[in-house]
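Colleague: Let me give you the structure first, and then I'll get to my questions.
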Amino acid sequence: MGSHLLTICYLIGSITFIIGLKMLSNPASARKGNLLAAFGMGIAILGTIFLYTSETGEHLGNYHWIFGGLLLGGVVGTLAAKKVKMTAMPEMVSMFNGMGGACAALISVVEFNHLSKEIEEGIVNGGDVQPTVLIIVLGLIIGSVSFAGSMIAWGKLNGKVKDLSFTGQNILNLLVLAITLAAGAYLVYDPTQHLLLYAILGLSLIYGVFFVMPIGGADMPVVISLLNSFTGVAAACGGFLYDNKVMLTGGILVGAAGTLLTILMCKAMNRSLANVLIGSFGGNKSGGPAGDKDQGHYKEISLSDAAMVMSYANKVMIVPGYGLAVAQAQHVCHELEKILEEKGVEVKYAIHPVAGRMPGHMNVLLAEADVPYEKLLEMEQANDEFKNCDVVLILGANDVVNPAAKNDATSPIYGMPILEVEFAKTVIVNKRSMKPGYAGIENDLFFQPKTSMLFGDAKKVLQDICAEVKSV
Amino acid sequence: MENILNFISANKEIIYIVILMIFVGIEVIGRVPSVLHTPLMSGANAIHGVVVIGAIIIMGKAESDNYLALILGFLAVVLGTLNVVGGFVVTDRMLEMFKKKKG
């Protein structure tokens, strides 16, 4: 009876995962989809705890340990997820992803130890368990790479880990991967070499670090998405191991969806996955293509002039970027929008799909400040509108408005669709300094005659502009 | 080689599931708008936390004198739960903001 119920629990789990994921890909149903998947997960976990029986018909024991672990992980997870700032969400996801990978790797370690004890005691024959060892090794390698990679991605996003690349790095990486796989293959061939397991664990962790290290911080969302699908596959290995259908379906589902999502994210930036993984975009390759070109001069604009120009405009388009997120200026930005609207100025936001550090970052940020949905224009709409705009106010965005993506075939971001702000009458750029953006390349836009720079922290600058506009 | 072949026929059911799930996974998110990329990634991240079930099984089966299994299993349960709970909560927080802007 119990095992039939458990089968039904797992069935519910698998179905909610599929439907949940489907609902997550539509804005109207996304939140319900997430809750549905969480509900299914709860059923599957509780079912496992109370209904699971081993081949010999025994129930699980060690309840205090299990519940202790669930409680600890649950409380810490909830607190971390609730406390995290909006700007730090991508790195939080990376952190959680790493935890999943580590979990899969630990399962492999424990299961292998269990297995090698059985081989030693002669309960099973080394040759017969080769497929099982293969699954264990795969779960170990993929889980560890995902864990180590996610930790590096996490470190990069919060600025603790710097990009590191050197010549021959790709070759070294491939070498480490090859050795890891060879060690894995040998362990499958001869499962009695149990110390090899720890060598594989170590090598996989090193490979995970090496894999993410050279990839630029701007590409981390893509990397996290890829590692996310890795962890999915690692979870599926666990499903194989325990002949557990919900782990299998959940894992493979995420593995497949995650891979597609990774490709879609690359497409949004008009790049290929290979280009992200081995390309130098966002890396610290020195001497950009614009480096030796005479940039000319940029001009600055004073706060009061900026306020004046916007107050007397008919239409203002705001282009938010990472700078806005870092300065947490979304509320004061909304404030400025309201003040301008009271003066009869039409205000819209132009949202580039990859503005900020994650796709959708700006939507989430502005929604937090209660900016109405209709005011956010997607890239294509915005590009049609720029020619009617009197003022474009760029808040901490850089690469997504860089005309080099259209004009300069040698630029690393060439081909990426951008917001064509130069069609507006005036462009005001708020940045903290003239430093290049995340891609590490100069932006010609700043040197165009239409453009004026307004240096300073986005929040501070916007507060001052609000005050100025009010007094106009 | 024979092992592998035996393995395939012994697990053909699982292999079918894997292949079908790959297609389902691709089909299900095929037309996602780019604004939802991050929440979707986060939601998928929470779903692969299902790996915690494996950790629970290890924990529950471990003999009380097998400290390696107990300690690593416990750690795995904690990490897996972090992945599941944190993942779903963070996704919900992201999506909460999407909902607000419609209202």
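Colleague: I need the phi-derived Karplus couplings for segment A:145-154: 6.51 cos²θ - 1.76 cosθ + 1.60, θ = phi - 60°, integer Hz, Gly and Pro marked x.
Modeller: Running phi through 6.51 cos²θ - 1.76 cosθ + 1.60 with θ = phi - 60° gives 4, 4, 5, 4, x, 5, 5, 5, 4, 4 Hz.
Colleague: Then there's this: Looking at chain A, what % of its DSSP beta bridges pair antiparallel, to the nearest 5?
Modeller: 5 percent
Colleague: Further, regarding this structure: Would you work out the Kirkwood radius for chain A? I mean one over the mean of 1/r across all pairs of different Cα atoms, in Å.
Modeller: Roughly 24.8 Å, rounded to one decimal.
Colleague: From the residues A:Val233, A:Leu395, A:Ile301, which one has its Cα farthest along the dipole of chain A in the positive direction, the dipole being from +1 and -1 charges on Cβ of Lys/Arg and Asp/Glu about the Cα centre?
Modeller: A:Ile301
Colleague: What is the order of A:Tyr322, A:Tyr414, B:Tyr16, fewest Cβ neighbours within 10 Å to most?
Modeller: With the sparsest Cβ surroundings first, the list reads B:Tyr16, A:Tyr414, A:Tyr322.
Colleague: Do any trypsin sites (Lys or Arg not before Pro) in segment A:155-247 lie in a loop, going by DSSP, with at most 12 other beta-carbon atoms within 10 Å of their beta carbon, and if so which? Mind showing how you got there, number by number?
Modeller: Values: sites: A:Lys156, A:Lys160, A:Lys162, A:Lys245; in loops: A:Lys160, A:Lys162.
Filter output for segment A:155-247: A:Lys160, A:Lys162.
Colleague: Can you give the FRET efficiency for A:Ala178 and B:Glu13, using 1/(1 + (r/R0)^6), R0 = 41 Å, r = Cβ-Cβ distance, to the nearest 0.05?
Modeller: For R0 = 41 Å, the calculated efficiency reads 0.80.
Colleague: Per-residue counts of other Cβ atoms within 10 Å, averaged by peptide: what ranking do you get for A:231-241, A:333-343, highest first?
Modeller: Per-residue mean Cβ counts within 10 Å order the peptides as A:231-241, A:333-343.
Colleague: Right, next: Size of the dipole of the protein assembly as shown about the Cα centre, Lys and Arg at +1 and Asp and Glu at -1 on the beta carbon, nothing else charged, in debye to 20? Present the calculation step by step, with values, prior to reporting the outcome.
Modeller: On the way: 40 positive and 45 negative charges, 253 e Å.
Its charge dipole is roughly 1220 debye.
Colleague: Where Lys and Arg each count +1 and Asp and Glu each count -1, what net charge lies around A:Lys425 among other residues with Cβ under 12 Å from its Cβ? Write down the numbers at each step before the final one.
Modeller: Details: positive: A:Lys315, A:Lys387, A:Lys450; negative: A:Asp390, A:Glu422.
In short, +1.
Colleague: I'd like the Karplus ³J(HN,Hα) series for segment A:159-167: coefficients 6.51, -1.76, 1.60, θ = phi - 60°, whole numbers in Hz, and an x wherever there's a Gly or Pro.
Modeller: These are the phi-based 3J(HN,Hα) values: x, 7, 10, 8, 4, 9, 9, 9, 5 Hz.
Colleague: From the mean inverse distance of alpha carbon pairs (Kirkwood) and the Cα radius of gyration, derive Rg over Rh for segment A:299-471.
Modeller: Rg/Rh: 0.93.
Colleague: Next question. In what order do A:Val472, A:Val345, B:Val77, A:Val429 fall by count of nearby beta-carbon atoms within 10 Å, going from fewest to most?
Modeller: Least to most surrounded, the residues fall as A:Val472, A:Val345, A:Val429, B:Val77.
Colleague: A further question follows. For the cross-link pairs A:Lys162/A:Lys348; A:Lys299/A:Lys459; A:Lys406/A:Lys450; A:Lys387/A:Lys435; A:Lys348/A:Lys459, which exceed 26 Å when the distance is taken from alpha carbon to alpha carbon?
Modeller: A:Lys162/A:Lys348; A:Lys387/A:Lys435
Colleague: Separate question: Could you list the chymotrypsin sites (Phe, Trp or Tyr not before Pro) in segment A:131-209 that lie in coil according to DSSP, counting only those with at most 13 other Cβ atoms within 10 Å of their Cβ?
Modeller: A:Phe166
Colleague: Sticking with this one: Segment A:79-119: which trypsin sites (Lys or Arg not before Pro) are DSSP loop and have at most 10 other beta-carbon atoms within 10 angstrom?
Modeller: Working: sites: A:Lys82, A:Lys83, A:Lys85, A:Lys117; in loops: A:Lys85.
Counting only loop positions with at most 10 other Cβ atoms within 10 Å, the trypsin sites (Lys or Arg not before Pro) in segment A:79-119 are A:Lys85.
Computed from the coordinates by the stated procedures, all read-outs in this text should not be read as laboratory data. Note that the structure is a prediction, hence the values are computed from the model and not measured. Note that we place each Cβ from the backbone using ideal geometry, even for glycine, and neighbour counts take in every protein chain shown.
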